[in-house]
Amino acid sequence: MATGADVRDILELGGPEGDAASGTISKKDIINPDKKKSKKSSETLTFKRPEGMHREVYALLYSDKKDAPPLLPSDTGQGYRTVKAKLGSKKVRPWKWMPFTNPARKDGAMFFHWRRAAEEGKDYPFARFNKTVQVPVYSEQEYQLYLHDDAWTKAETDHLFDLSRRFDLRFVVIHDRYDHQQFKKRSVEDLKERYYHICAKLANVRAVPGTDLKIPVFDAGHERRRKEQLERLYNRTPEQVAEEEYLLQELRKIEARKKEREKRSQDLQKLITAADTTAEQRRTERKAPKKKLPQRKEAEKPAVPETAGIKFPDFKSAGVTLRSQRMKLPSSVGQKKTKALEQMLLELGVELSPTPTEELVHMFNELRSDLVLLYELKQACANCEYELQMLRHRHEALARAGALGGPTTPAAGSAPASAEPAVSEPGLGPDSSKDTIIDVVGAPLTPNSRKRRESASSSSSVKKAKKP
């Protein structure tokens, strides 16, 4: 025979420990069996958020506590699209169909609209947007004393100011509505000039002495020239537009070449300054006595630019370091300079890695720094000679073609410093007449010519390393 515990086990009913021990079934277990079952299932299915998973990602997971994530994006928040009317038990405010007039209209027209009964008799709410321009009014005496003009009659001036009040200083509309049959034909600039001239005169006459005035000024000549230029710009032909674009492109090229030339000249000047400073430092060290040499080194440090030679790192950190680390080339020295430096050292008969004593490390680093500076100076000199030769050839070609009025062959060393003639290649522009152009900066080098120039300069610097 089944006991109460068996029945509870079959029905999957839970209860207090006393009921389970006694084996009795309570009334709540029979009436509400689903609540405790769902509670038990929910407790067994909950799990903790894995460590390292973000809270937003964990919230997207499906569980029995929450609904399944939607397949399509949906907006369930309370926004302006889903606002519901909050109906209460208060009394609804009454609305009335009432007449109203618009203060902006001068004809006294009557209109009707729905409005709350509490707002009856109030002004039209949109009347505050009726902004009018304050056009000055002058008297007969003021006109005769200050505003008289031989080119304008008083009737024509009154007509202009009347139209200005009617159309709120919209001078294009005023010009369209102007009575050209009764009065002289005027342009928009003439109407503006007359109006603002009268406003400035009246402001000066009516101003209180000692006050700062803001007098309107209109330059009719500038406005006419502006419209004329705009009309010319609008009436350009496609050929003129293409020519202008071509000239703008050439101007940008010239400016880019000029910036490149200035940068190269600055780098060259830095190298020359570094060479002069190094030479002066060597002469000072030779003249100074040996006892005071370390003191002068610490006291006087020449301002050598960072781009000159090699800047070796200083090992001032605590701990044991090898003296040979001070002979290691920094990463700022490129591979090309490193190979050229090794070649120059081999030609001079100097070991690439000598014994790292204190004196040898110092002298070896100075030697390599001077060799790199010499390499850069020779490279810059070769570049300048190449450019000078190229400019001479261009000048001779232009002189033979009759483009310049000067001598056919320039004197040695008389190449222009700021003006460099250059002939552009045919087919660059839309017009064949623009094939011959004098470039004030110089054309950029092609990749092949640049490679040839760099290889020639590097080989010449290596060959001439032993020469003084």
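The values are calculated or read from the model by the stated rules, or taken from the named source; none is laboratory data. The structure presented is a predicted model; accordingly, all values stated were derived computationally and were not measured. Glycine gets a Cβ as well: all are built from the backbone with ideal geometry, and neighbour counts include every protein chain shown. The area values use the complete protein model at the heavy-atom level, side chains included, leaving out ligands, DNA and RNA. Shrake-Rupley method; radii C 1.70, N 1.55, O 1.52, S 1.80 Å.
Listed here are the residues, each with its yes/no results for (1) closer than 19 Å to Asp150 by Cα; (2) assigned to a helix (DSSP H, G or I); (3) at pLDDT below 90.
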position: Leu191; (1), (2), (3): yes, yes, no
position: Arg194; (1), (2), (3): yes, yes, no
position: Ala200; (1), (2), (3): yes, yes, no
position: Gly210; (1), (2), (3): no, no, yes
position: Ile215; (1), (2), (3): no, no, yes
position: His222; (1), (2), (3): no, yes, no
position: Leu230; (1), (2), (3): no, yes, no
position: Leu233; (1), (2), (3): no, yes, no
position: Val241; (1), (2), (3): no, yes, no
Taking the options Ser353, Ser369, name whichever one is part of a loop (DSSP other than H, G, I, E, B) and either small (Gly, Ala, Ser) or touching a residue at least 60 places away in the same chain (Cβ under 8 Å) (or both). Ser353
Complete set of residues in the stretch 180-194 that are more than 15 Å from Thr153 (Cβ to Cβ) and among the charged types (D, E, K, R): Glu189, Lys192, Glu193
Scanning for something in contact (Cβ under 8 Å) with a residue 12 or more places away in the chain and in a helix (DSSP H, G or I), does the stretch 178-186 turn up at least one residue? no
Could you grab me the full set of residues in the stretch 236-251 that are hydroxyl-bearing (Ser, Thr, Tyr) and under 31 Å from the mean Cα position of the chain (by Cα)? Tyr246
Taking only the stretch 358-390 into account, find how many residues are touching a Gly at 6+ places or on another chain (Cβ under 7 Å) and of a type in the set (A, V, I, L, M). 2
Tally up the residues in the stretch 316-342 that are of a type in the set (D, E, K, R), under 18 Å from Asp370 (Cβ atoms) and modelled with pLDDT under 75, please. 1
Filter pass, Lys106 being charged (D, E, K, R) and closer than 30 Å to Tyr195 by Cβ: yes
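Quick one: which of Arg166, Arg170, Arg206 is free of Cβ contacts under 8 Å to residues at least 12 places away in the same chain, closer than 12 Å to Val135 by Cα and open to solvent by 60 Å² or more (accessible area, probe 1.4 Å)?
Answer to the check: Arg166.
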Counting only residues in the stretch 80-116 that are of a type in the set (A, V, I, L, M, F, W, C), over 28 Å from Arg166 (Cα atoms) and modelled with pLDDT under 90, the one surrounded by the fewest Cβ atoms within 10 Å (Cβ to Cβ) is identified as Ala85
Selection status of His175, outside any loop (DSSP other than H, G, I, E, B), over 21 Å from Tyr143 (Cβ atoms) and either in contact (Cβ under 8 Å) with a residue 12 or more places away in the chain or open to solvent by less than 30 Å² (accessible area, probe 1.4 Å) (or both): yes
Selected residue (criterion: least open to solvent (accessible area, probe 1.4 Å)) from residues of the stretch 137-152 that are closer than 15 Å to Glu193 by Cα and not small (Gly, Ala, Ser): Leu147
Among (1) open to solvent by 80 Å² or more (accessible area, probe 1.4 Å); (2) in contact with a helix residue (DSSP H, G or I) (Cβ under 6 Å, 6 or more places away or on another chain), Leu247 falls short only on (2)
I need the full set of residues from the stretch 229-244 which are open to solvent by 90 Å² or more (accessible area, probe 1.4 Å) and of a type outside the set (A, V, I, L, M), in order please. Gln229, Glu231, Arg232, Tyr234, Asn235, Pro238, Glu239, Gln240
Leu360 passes all but one of (1) more than 30 Å from Gln269 (Cβ to Cβ); (2) at pLDDT below 80; (3) not basic (Lys, Arg); which number fails? (2)
Among the residues listed as Ala274, Ala308, Ala279, Ala380, the single one being assigned to a helix (DSSP H, G or I), closer than 26 Å to Glu260 by Cβ, of a type in the set (Gly, Ala, Ser) and modelled with pLDDT under 80: Ala274
Going by the structure shown, is Asp123 open to solvent by 90 Å² or more (accessible area, probe 1.4 Å) and within 19 Å of Tyr195 (Cβ to Cβ)? no
